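Student: Would you mind keeping the following structure in view while I ask a few things?
Readers should treat all values here as calculations from the given coordinates under stated rules, not as data from a laboratory. None of these values were measured; they are calculated from a predicted model. Backbone-built Cβ (ideal geometry, glycine too); neighbour counts: all protein chains shown.
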Amino acid sequence: MYKFFLIFILAITIISCSKNKETTKPLSNPVTLPDSIVYTKCDTTVSLNTIRYLTPSIVPYNCEDLATPADSSAFLYIDLSGDSIPDFRLTGFHNPVTNFFCGSHCSCTDIYLNISGYNAGDSISINNSGNPVTLFSYDTLTEINNTGKWSSNAYLNFLVHGVGSYYFSEMYIGIKKNNNFGWIHIAPKNYNGAYIKEYGFNLTSNNSIIAGQKL
């Protein structure tokens, strides 16, 4: 009788351990969580521009007009996730070139407009990893996910020592905050300026977002 009781207890213990192991198995079909989009539409005051107007060059022979004021910078902070904490910074700046002439005799102005991540893990979609790094533009209804190239800093436009252009086209920029994705719709303003027209951000981690997606 004692041996039978001991065998019965061991059998219960073995069965119980097997049950516990089965309950720890991962789900074979993980559930995809729904998107949670934060969408923001901006008015025309959400913009920056460091060049107020152009002044004709005092140097003759077809030199380009000069930026006025001679040098300036401006910053615009963007809160994509709606938590009142900046996520990205749009920076515009220009300055006169010294010890160098465009062509053989003309004065030059270096002009930049770039966007950068404000926190660790904030990245922007890019075309290349060279110098300078330029932004990758998404078409509307194009999926933004972890594929492609990403950088914490990239240029919309640049004009350095007379090379390049401060013009850029209206575009959708892909952005990434760790494992969350979003987009920024940006358009050119006169000279080296830019408007932020709207932006969207998916609060659901690891879910992609469509350029222009609002819901």
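Student: Going by average Cβ neighbours within 10 Å, how do the peptides 98-107, 143-152 rank, with the highest at the top?
Tutor: Descending mean neighbour count gives 143-152, 98-107.
Student: Hey, what's the Cα Rg ratio for the range 118-215 versus the globular rule of thumb, 2.2 N^0.38 Å?
Tutor: Ratio of Rg to 2.2 N^0.38 Å for the range 118-215: 1.08.
Student: Whole-Hz Karplus ³J(HN,Hα) for the range 156-167, in order, using 6.51 cos²θ - 1.76 cosθ + 1.60 and θ = phi - 60°, x for Gly and Pro?
Tutor: The phi angles translate into 7, 8, 6, 9, 10, 6, x, 10, x, 7, 9, 8 Hz.
Student: Oh, and also: Taking amide H positions as placed 1.01 Å from N in the peptide plane, with prolines and chain starts having none, which residues 5 or more places from Ile144, or on another chain, fall under 5 Å of its amide H?
Tutor: Correct list: Ile209, Ile210, Ala211.
Student: Tell me, what are the semi-axes, in whole angstrom and largest first, of the equivalent ellipsoid of the range 31-132 as set by the roots of 5 times the Cα gyration tensor eigenvalues?
Tutor: 38, 17, 11
Student: Let me ask something additional. Computed on alpha carbon atoms, what radius of gyration and Dmax characterise the range 174-215, expressed in Å?
Tutor: When restricted to Cα atoms, the range 174-215 yields Rg and Dmax of 12.1, 38 Å.
Student: Still on this structure: Using the structure shown, list the pairs from Lys149/Lys189; Lys176/Lys197; Lys149/Lys177 with a Cα-Cα distance above 21 Å, or answer none.
Tutor: Working: Lys149/Lys189 27 Å; Lys176/Lys197 19 Å; Lys149/Lys177 14 Å.
Where the Cα-Cα span goes over 21 Å, the pairs concerned are Lys149/Lys189.
Student: Given 20 °C and 1.002 mPa s, how large is the Stokes-Einstein diffusion coefficient of the range 57-208 in µm²/s, with Rh as the Kirkwood radius over Cα pairs?
Tutor: Working: Rh = 16.6 Å.
For the chosen part, D equals 129 µm²/s.
Student: Then there is this: Taking H as built 1.01 Å from N, whose amide H comes closer than 5 Å to the amide H of Asn157, not counting residues under 5 places away?
Tutor: Counting only residues 5 or more places away or on other chains, the set is Leu113.
Student: Taking amide H positions as placed in the peptide plane 1.01 Å from N, state which residues far from Asp122 in sequence (5 or more) or on other chains have amide H under 5 Å from it.
Tutor: Amide H neighbours of Asp122: Asn178.
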